[in-house]
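In what follows, a structure is listed as structure tokens, so that the remarks can point back to it.
Quick note: the coordinates plus some simple rules give every number you see, no bench work behind them. If you're wondering where the values come from, they're calculated on a predicted model, not measured in any experiment. Because the Cβ atoms are built from the backbone with ideal geometry, glycine has one as well, and the counts that use them run over all protein chains shown.
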Amino acid sequence: MSLRPLKMTKDKANFGKEKIPLLILGQYGKGKTAAFASDFAPHWVGGLVDWGDKRIRTKAAGGSTVEVGEHYAKLVANIVNWFL
């Protein structure tokens, strides 16, 4: 999945032609790394948090309850589980 940067000028907005990756995973030797070009929190990731027809309600220890789409929840779980 990739993003297209939004370029703003004084009188209009256009999406750039270059693609910017949303997620990059890497592995070297026994080490693994992941870079997600957003935040997993719903207020930062925007509409991607609603990806999927079913809704998932969850709460991290000490956090507040959030509701996300089933596919978004699976994406986050898959990224975390990749490290395990």
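Remarks
- Put simply, the C-alpha atoms of the chain give a gyration tensor, and the ellipsoid matching it has half-axes of 26, 21, 11 Å, longest first.
- In the chain, the calculated helix contribution to ellipticity at 222 nm averages -5500 deg cm²/dmol per residue, counting -39,500 (n - 2.57) for every DSSP H run with n ≥ 4.
- 31 Å Cα-Cα threshold exceeded, pairs from Lys17/Lys74; Lys7/Lys59; Lys12/Lys74; Lys19/Lys59; Lys10/Lys59; Lys7/Lys54: Lys7/Lys59; Lys12/Lys74; Lys19/Lys59; Lys10/Lys59; Lys7/Lys54
- Applying the criteria of a DSSP loop state and at most 10 other Cβ atoms within 10 Å to the GluC sites (Glu not before Pro) of the chain yields Glu18.
- Using C-alpha pairs below 8 Å separated by at least 6 residues, the relative contact order for the chain is 18 percent.
- Principal-axis analysis of the Cα atoms of the chain puts helix 70-82 at an angle of about 70° to the longest axis.
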